[in-house]
1. In segment 223-246, is there at least one residue being farther than 23 Å from ALA193 by Cβ, part of a helix (DSSP H, G or I) and of a type outside the set (Ser, Thr, Tyr)?
2. Residues of segment 82-98 being crowded, with 21+ Cβ neighbours inside 10 Å and small (Gly, Ala, Ser), which ones?
3. What are the residue pairs meeting all of these: first residue in segment 108-126, first residue in contact (Cβ under 8 Å) with a residue 24 or more places away in the chain, second residue of a type in the set (Asp, Glu) and crowded, with 24+ Cβ neighbours inside 10 Å, Cβ atoms under 6 Å, and 6 or more apart or on different chains?
4. Using beta carbons and a limit of 7 Å, which pairs, at least six apart or on different chains, have the first residue in segment 71-83 and more than 17 Å from HIS203 (Cβ to Cβ) and the second one crowded, with 19+ Cβ neighbours inside 10 Å?
5. For segment 271-308, what are the residues that are farther than 23 Å from LYS256 by Cα, in a helix (DSSP H, G or I) and small (Gly, Ala, Ser)?
6. Can you tell me which residue is nearest to THR332 (Cα to Cα) among those in segment 10-42 that are part of a loop (DSSP other than H, G, I, E, B) and touching an Asp or Glu at 6+ places or on another chain (Cβ under 9 Å)?
7. For segment 363-403, how many residues meet the condition of being of a type in the set (Val, Ile, Thr) and touching a His at 6+ places or on another chain (Cβ under 8 Å)?
8. Which of the residues spanning segment 290-318 are surrounded by 20 or more Cβ atoms within 10 Å (Cβ to Cβ), at pLDDT 95 or above, closer than 22 Å to LEU69 by Cα and of a type in the set (A, V, I, L, M, F, W, C)?
Amino acid sequence: MDESLQIIEKGAVSVDEGNVIETGNEAEITKKYTSDRIIKLNDSAIMPGLINTHTHAAMVYFRGIADDLPLNEWLNNHIWPAENKWLGKEFIKDAIELACLEMLKGGITTFNDMYFFNDHAAESCKHLGMRAVLGSGILDFPSVSAKTTEEYLENAIHFIDKWKDDELITPCIAPHAVYTCGPDTLKKSMEIAEKLDVPVHIHLSETEWEVGEILSRYRKRPVEYLAELGFLNERVLAAHCIWLHDNEIDLLAKNKVGVSHCMESNLKLASGFAPVATMLSSGIKVTFGTDGAASNNDLNIFSEMSTTAKVHKALSNNPTILDAKTVVLMATRWGAEVLGLGEKIGSLEPGKSADLIALNLKKPHLTPIYNIYSHIVYAAMASDVEFVMVNGKIVIEGRKPVNADEDEILFKAKKWGERIKNV
C-alpha cells in the first residue's frame, strides 16, 4: 500500500526493532537478511494492518442491548443511562480487552476511540499489544467520568501529558459533537489540541436532527458553524459526515479535515447515506470506522469495506465508484494519514512500524485469485486473518492472541453481560 501500490509475488518482509527494514522478493530478502525466527506464511497475503478510525471500543459490553431504534432514542433512553450506571475503571479495562481481541483477530492493528477512563483503556491496549488513538471524551453535561466541562478538559490534559510519548498509544481530545459541546468548549478543545499537538476527534452531521438543531441554535449548518469557530484543520477527524451540502464538503476539503465513514452503523440506525463519492472527488480522505459495537454490532473493517463499496455503487448507479484499490487505501494508508500517523503506519515501507497482517488465502471463498485487491474487498472475511504483528511484535498467531488468555477475556465478558442483563 505504498504510493505505487505495488504487489510483490512470493514476497517477504524483514523486520527489526519494531520497524520494516525492507520488502521484496523472498529469495532476495532471505539472501540479504537472517534472523533467529523466520516465519513462513504460505498461501497468504501480507498487508498493512487495517485502521478503524471511529469507534467507542468499550461499548462491546453493550452489544445488542437496544437494537432497532432511532439514534436519539437509542442514545438518550438506553445508551447514556447504561453508561451512567456501569461505566468505571474495571468496566473499561475489561471491555477494552474484549474489543482489542475482536479487532486484532479481524486484522485491525490501530483504532481511533472516543470514550472515558482512558488510562485504563490504554493499559488494556498495551496488554494485548494493540496500537490506539484514544480520545478523551468532552461533554457539556455531567457523566460518571466528570461533573463539569472543566473537569473533562482537565482529564484530557492529564491523559495527554501521561501518554504522549508512548510507542503504542496516541492521546487525542474528543469533543463529542456540536450539539453536546458549546462554542467555548469546542474552542478550548482545539486550543488544547494545538498546544499539546494531538489529534481532534468529533461526531459531525450524523443525523438530520443534528443539522436542524444547529441551524436553530446558530443559524448555520454544522460544518459552516465549525468553520466560523476556526475549528476545522488537518488535525480533525470527523466521524459520519452524512448530512452535508456541497459548500460544507468544500470547507472540509479546503481545511484538510479527515472523515471516518461508518457505513454499517449508519445503515442500522437509518441515519442516512454519506456523500462518500463526492467527498473523495473533492480530495477529502475518507476512511473506515465501525462506530461502537452497540450500534453496528461488530468491529469488522472487512465487512465495512465490502458493504461500503457495494452500497455506494448502487446509490450512484455507477459500478466503477469506490474501486477495490481505493477501498483498501481507505482502510490502511489513508486511515493512518487522517490520524496524523502517516509517517509511522499504514503501508509496508522501510522505516515504518511493522504493523502487518496475513490473510490465509487457502480458502474456498478465496480461490482462485485474479486480483488480490478485489479479493480483500469483496471476498475476504475477518476470520481469514491468521497472523498479526503490531510494532514488530507478534500479537496474533494461528488466530490466537499471544499476550492474553482468550478464554479469560470471554469469561469476564459473559459475567459482565449477566450483571447488565439482570438489572
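1. Yes, because at least one residue in segment 223-246 is farther than 23 Å from ALA193 by Cβ, part of a helix (DSSP H, G or I) and of a type outside the set (Ser, Thr, Tyr).
2. ALA95
3. Short answer, once both residue conditions are applied: THR109/ASP355; SER124/GLU97.
4. ALA82/PHE62
5. Matches in segment 271-308: SER303, SER306.
6. If we filter segment 10-42 for residues that are part of a loop (DSSP other than H, G, I, E, B), which is where we start, we get 10, 17-18, 33-42.
Of the ones still in play, those that are also touching an Asp or Glu at 6+ places or on another chain (Cβ under 9 Å) are 10, 18, 33, 35, 39, 41.
Values: LYS10: 22, GLY18: 18, TYR33: 27, SER35: 28, ILE39: 23, LEU41: 21 Å.
Looking at the filtered set, the residue picked out is GLY18.
7. Within segment 363-403, the subset of a type in the set (Val, Ile, Thr) is 367, 369, 372, 376-377, 385, 388, 390, 394-396, 402.
Narrowing the set further to residues that are touching a His at 6+ places or on another chain (Cβ under 8 Å) leaves 369.
Summing the residues that are of a type in the set (Val, Ile, Thr) and touching a His at 6+ places or on another chain (Cβ under 8 Å) in segment 363-403 gives 1.
8. Of everything in segment 290-318, those that are surrounded by 20 or more Cβ atoms within 10 Å (Cβ to Cβ), at pLDDT 95 or above, closer than 22 Å to LEU69 by Cα and of a type in the set (A, V, I, L, M, F, W, C) turn out to be ALA293, LEU299.
The values are calculated or read from the model by the stated rules, or taken from the named source; none is laboratory data. Just so it is clear, the model here is predicted, and its values are computed rather than measured. Here Cβ is always computed from backbone atoms with ideal geometry, including for glycine, and neighbour counts include all displayed protein chains.
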